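Data first, discussion second: the structure below is written as structure tokens.
The values are calculated or read from the model by the stated rules, or taken from the named source; none is laboratory data. Being a predicted model, the structure only gives us computed values, none of them experimental. Cβ atoms come from the backbone with ideal geometry, glycine included; neighbour counts cover every protein chain shown.
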Amino acid sequence: MDEKEPYIHSEEFQKKVSKVGPDSDFSYRSKFDPVPSSELKRKTQTAKKRVILSNPRLLVVAGPNGSGKSSIITSTDIVERYEENIINPDNYARNLSDIDDLVAKYAFAMEQCELLRKNLLENRVTFGVETVASTQGKIDLVKKAIEKGFEIDLIFVALKSPELCCERIKARVSRGGHDVDSSKVFSRYEKTMGFLKEYIELADEARIFDNSGGSPAVVFVKKGNEMMILKNPSDIPWVEKYIYKFFKDSQRVL
């Protein structure tokens, strides 16, 4: 392999990574099955020929830290379109057993996942990303995907407050999951929620979940030009503030 050529991991490797959770005992070396970017292009071109969909699709699984994004992925049939090819830097970093420094581990994971996203996007191959969505960067990714002919699926998961997010993160850590500094949780929460309107507008299909209770509840659905509010906005303040305020013409199915 040309040492100057950036590499990412193979499709098979990424499928394994996508299944990894905080309780998994699966681990790997960071140089397992490296694939040069030129080789990935060949693989993704082959994968593209197997895709039956008329257009490639980008799945965005978004929401504040601790909202339950990873857990909810398996609860919706949207993900069946993605053949488990959902990119999650947290899963990637969590299993880098040959990098001890936490900062370096996450930096490496972010770098490799960014390479993967760029290659899949450029080759117009269906894939998904999991993100806190607190910066303009992921909005720009979605817009670029639309320019390249992708259709956009959105799964957005939220909790009623950043305080509850912090409680969920503490519970996750007690089960062996990864931690997030509470100051970051609070600073990102409003930013993430503030981007929700734009994500809904960009999406071809969307399912928005409130995960504040014992189980996630769908509160809003979009399919094409049809939008439906499934819960009374006055009962869920964040739905009133970040969704209903902007989409009052949505059909209400209560």
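Values for this structure:
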{"read-out": "Strands (runs of 3 or more DSSP E) wholly inside segment 167-238 containing at least 1 residues that are farther than 14 Å from Ser250 by Cβ", "value": "205-210, 217-223"}
{"read-out": "Thr135 being modelled with pLDDT under 80 and among the hydroxyl-bearing types (Ser, Thr, Tyr)", "value": "no"}
{"read-out": "Contacts under 8 angstrom Cβ, first residue in segment 85-97 being of a type in the set (Ser, Thr, Tyr), partner in a helix (DSSP H, G or I), 6 or more apart", "value": "Tyr92/Val17; Tyr92/Ala109; Tyr92/Gln112; Tyr92/Cys113"}
{"read-out": "Every residue from segment 144-164 that is touching a residue at least 40 places away in the same chain (Cβ under 8 Å), in a helix (DSSP H, G or I) and either surrounded by fewer than 16 Cβ atoms within 10 Å (Cβ to Cβ) or more than 17 Å from the chain's Cα centre (by Cα) (or both)", "value": "Ile146, Pro162, Leu164"}
{"read-out": "Among (1) surrounded by 15 or more Cβ atoms within 10 Å (Cβ to Cβ); (2) over 27 Å from Ile243 (Cβ atoms); (3) at pLDDT 85 or above - the single one Tyr92 does not satisfy", "value": "(3)"}
{"read-out": "Boolean, Thr131 is closer than 24 Å to Ser212 by Cα and surrounded by fewer than 17 Cβ atoms within 10 Å (Cβ to Cβ)", "value": "no"}
{"read-out": "Positions within segment 197-226 being hydrophobic (A, V, I, L, M, F, W, C), under 24 Å from Asp140 (Cβ atoms) and free of Cβ contacts under 8 Å to residues at least 60 places away in the same chain, in sequence order", "value": "Ile200, Ala206, Ile208, Phe220"}
{"read-out": "Qualifying residue in segment 76-89 (condition: outside any strand (DSSP E or B), modelled with pLDDT of 85 or more and of a type in the set (Asp, Glu))", "value": "no"}
{"read-out": "Qualifying residue in segment 229-244 (condition: in contact with a Phe, Trp or Tyr (Cβ under 8 Å, 6 or more places away or on another chain), more than 17 Å from Ser161 (Cα to Cα) and either among the hydrophobic types (A, V, I, L, M, F, W, C) or modelled with pLDDT of 95 or more (or both))", "value": "yes"}
{"read-out": "Close pairs (8 angstrom Cβ cut-off, 6 or more residues apart or separate chains): in the same structural domain as Phe195 (by TED's automatic domain parsing) and farther than 13 Å from Ala217 by Cβ in segment 231-249, at pLDDT 95 or above and part of a loop (DSSP other than H, G, I, E, B) anywhere", "value": "Pro237/Lys160"}
{"read-out": "Single unsatisfied condition, Glu163 versus (1) in the same structural domain as Lys184 (by TED's automatic domain parsing); (2) within 11 Å of Pro56 (Cβ to Cβ)", "value": "(2)"}
{"read-out": "Selection status of Ser182, surrounded by fewer than 18 Cβ atoms within 10 Å (Cβ to Cβ) and closer than 20 Å to Gly68 by Cα", "value": "yes"}
{"read-out": "Top-ranked residue of segment 51-61 - restricted to ones that are more than 22 Å from Val173 (Cβ to Cβ) and touching a strand residue (DSSP E or B) at 6+ places or on another chain (Cβ under 7 Å), ranked as modelled with the lowest pLDDT", "value": "Asn55"}
